[in-house]
1. Taking into account only those residues within segment 330-346 that are touching a Ser or Thr at 6+ places or on another chain (Cβ under 7 Å) and at pLDDT 90 or above, which is surrounded by the fewest Cβ atoms within 10 Å (Cβ to Cβ)?
2. With the condition kept exactly as written, say whether any residue in segment 47-68 is farther than 17 Å from residue 18 by Cβ, in a helix (DSSP H, G or I) and in contact with a helix residue (DSSP H, G or I) (Cβ under 9 Å, 6 or more places away or on another chain).
3. Any residue in segment 63-85 that's under 16 Å from residue 24 (Cβ atoms) and without any contact (Cβ under 8 Å) to a residue 12 or more places away in the chain: show its pairings with residues that are crowded, with 19+ Cβ neighbours inside 10 Å and not aliphatic (A, V, I, L, M) at Cβ separation under 9 Å, as long as the two are six or more apart or on different chains.
4. What pairs come out if I take residues in segment 109-132 that are without any contact (Cβ under 8 Å) to a residue 12 or more places away in the chain and pair them with residues that are surrounded by 14 or more Cβ atoms within 10 Å (Cβ to Cβ) and basic (Lys, Arg) whose C-beta lies under 8 Å away, six or more apart or interchain?
5. Restricting the search to segment 661-680, which residues are assigned to a helix (DSSP H, G or I) and either modelled with pLDDT of 85 or more or surrounded by 17 or more Cβ atoms within 10 Å (Cβ to Cβ) (or both)?
6. Quick check on my filter: what residues within segment 311-323 are of a type in the set (A, V, I, L, M, F, W, C) and in contact with a helix residue (DSSP H, G or I) (Cβ under 7 Å, 6 or more places away or on another chain)?
Amino acid sequence: MSTDFNDMSMFDLFRMEAESQTLTLTNQLLALEQDARSPAALESAMRAAHSLKGAGRIIGLDAVVAVAHNMEDCLVAAQNGKIVLEPAQIDDLLGGVDLLNQIANTKESEQSRWTKDSPEVTTFVDRMRQITSGKKETPKAEAPIAAPVETVKPVAAPVASVPPSPVTPTLQPAASPAVAKTVADKEPSSPSVDADRALRVTAANLNRLLGLAAQTRIDSRQLPSQIEACQRLRRSHDDIYRLLENMRLSSSQQMEIDSSNQLGNVLTQISRYREQVIEQLTELDALALRLGNHAERLYHETLSIRMRPFADGTQGYPRLVRDISRQLGKEVQFELRGGDTTVDREVLEKLEAPLTQLLRNALDHGMETPSERQSNGKSPSGIITLEARHHAGRLEVTVSDDGRGIDHDRLRATVAARGLSAGDTVKTLSEAELLEFLFLPGFSMKEHVTEISGRGVGLDVVRNTLRDLRGTIRIVTALGKGTRFILTLPLTLSIVRVLLVEVAGEKYAFPLANLQNILHVSAQDLQTLEGRTCFTLNGTQIGLLSARQVLELDNAGWPETLSVIVIGSGTDRYGLVMDKVLCETELVVQPLDPRLGKVQDIASGALTEEGEPVLIFDVEDLLRTVERLVGTGSIVAATKTTATAARSTKRRILVVDDSLTVRELERKLLLSRGYHVEVAVDGMDGWNAVRSGHFDLVLTDVDMPRMNGIELVTLIKRDNRLRDMPVMIVSYKDREEDRRAGLEAGADYYLTKGSFHDDTLLQAVSDLIGEANA
């Protein structure tokens, strides 16, 4: 943790102030684009330019003084009614903001390159003077001042609030970026001279502080058990006192008077000791209560340091939307809702790239041109909305537009044309299955690549980022009405609310947000369908399997009443039988040692309130493991006796494909010939499967998320334990170069998916590993 501003150079202070004041300028200029005569926006923008001019003069940055001074003159002229700022002039002023940021972000040792006579500065100053003088017909500057759209990024929120500068007493904080057209409705107030001093705190220091607070909280909760131990000791002394007292009374007639007096003295001392113990226990009890309260406050106060308003991470989006929409010739308004919704700063930082990508997609793919909108009976100006809210203990972020929506028929045609799924299969896909193709790497519906999009790089990155954040994304769209991307993720990555369970004597934790139901099921209510155990929940059959089997532990018999946790969604829901369901609690997440790599089915670790270590399940990974077990038919049916399933003597095949339809088709074909089949939903899932199980053959697709088939084949053939296992690539790619790439990676056979309609696949499998029975 750093010290306060006394340890910062004047240039560092200027850079912090520039970050804040240029953000204020940007927000107010965007507001002026909506209402060029807004007094509040003009005043706030002018004052920000004035403050920057003063700060630049104090530290001797003549370039900053020249740029800010001429911006101030222009804004004062607009205040006095001499000029009215038009969109082209707003562009020029925003170029000045970019120039100020460029100067401020230049290293202090390289500042000599910036003077009031620098070409960029003189070009900008000349333009400002022309605008201020009221001249309208002036040629555009030869060199663009504003950064190109491709490089525009949301401005990161400052580490902490900017302190009042001694050289700029009218310093203003950054305006909260609400809807661009309403930013100027409320002018930010000036902080007092005694405003809170800001400190620079690194994320690592903050995480350590949170860990210490959590440990203090755990330790404080152990005090009651220690007090109870002392109480038991006190009660033991009470029992001894009563025993001695009874002995004295019953023996007083026979005992010598001296002996009786000595025993009385002992009882008196014990009584005094008992009173002292009671007094000390009372004080200790009060101390424990105070310590517990302080520990809770410390814990929650430390946690609150990590929480920031959602608006802090969105400050650059109004400018981003404005610049890209102008580049595309579209009219778009940006609206922010729920800006005061609190979220973990780490989550907020990691959301920057996904949200930027979704906004760019909405502008380029979703929004129509003004003429297209008018021909469809819409307003020429579209609206993109970014909304954040807390829902069911999670953060829900929605990026929506009122544009053209996603054309399902065109999407189906694109999927079929690119060979991602057979034409007949594409027609049967549900809306949810169809929209999943949008998240594939390299997939795009644009026919031509532009600077904005078209390369198919974007939505797959969005999903992968959300997966790292323990979040999900789904799409809701209506043709001609617009599209919504709904992101659901935890409020904080440091704390997770979990359900503690016990499996084979060990404690595990399920994040509550990933659980569908927690219930007890009677063994009498179990049914067996197609050799699988299930039960009925709200009219739906739910497959049931033991958590012991999923974790590859000894599968003990099931009791009369089963403790069941339901995971998954829709028709893909499964019940896991736990040995015990313990309680709900909050845990401070502790990442696993990176040297372990990705531990199958496990996301992280933590300590319980009693200080016991516990593993936290990766429910998404766990669900894939369950689906693989279900797909192979290797689930052990419910029994009341302890038994371990016998290993199948059939040849075992792993099918790796991200398409549910293709996966099931291959599985059923192979099952019909008697093979034992397991499935994996992508390359990473397949890699986990081959490392943890024994297979005689792997069938894999090529194009898959997380890890493609070529990468999977390469890893298998590089592994000394696995390299002799045959691998067959089954893909729609039938070009010679595709076949060559697969075989060069080490595949033993390359087959196109069109071969499903005859016995080619089954014959190829038989040629590689023989018939089903070992």
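1. 337
2. no
3. Correct list of pairs: empty, since none qualify.
4. Pairs found: 122/116.
5. 662, 663, 665, 666, 667, 669, 670, 671, 672
6. 320, 321
Residues checked against (1) in a strand (DSSP E or B); (2) at pLDDT below 85; (3) not hydrophobic (A, V, I, L, M, F, W, C):
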residue: 477; (1), (2), (3): yes, no, yes
residue: 480; (1), (2), (3): no, no, yes
residue: 496; (1), (2), (3): yes, yes, no
residue: 499; (1), (2), (3): yes, no, no
residue: 508; (1), (2), (3): yes, no, yes
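Results for (1) among the acidic types (Asp, Glu); (2) farther than 30 Å from residue 345 by Cβ; (3) buried (at least 16 other Cβ atoms within 10 Å of the Cβ), shown as yes or no for each residue.
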position	(1), (2), (3)
495	no, no, yes
498	no, no, yes
503	no, yes, yes
506	yes, yes, no
512	no, no, yes
517	no, yes, no
525	yes, yes, no
535	no, yes, yes
542	no, yes, yes
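The values are calculated or read from the model by the stated rules, or taken from the named source; none is laboratory data. Since this is a predicted model, take the numbers as computed values, not measurements. So basically every Cβ, Gly included, is an ideal-geometry build from the backbone, and we count neighbours across all protein chains shown. The protein model used for the area step is the full one, side chains on, heavy atoms only, and it has no ligands, DNA or RNA in it. Shrake-Rupley method; radii C 1.70, N 1.55, O 1.52, S 1.80 Å.
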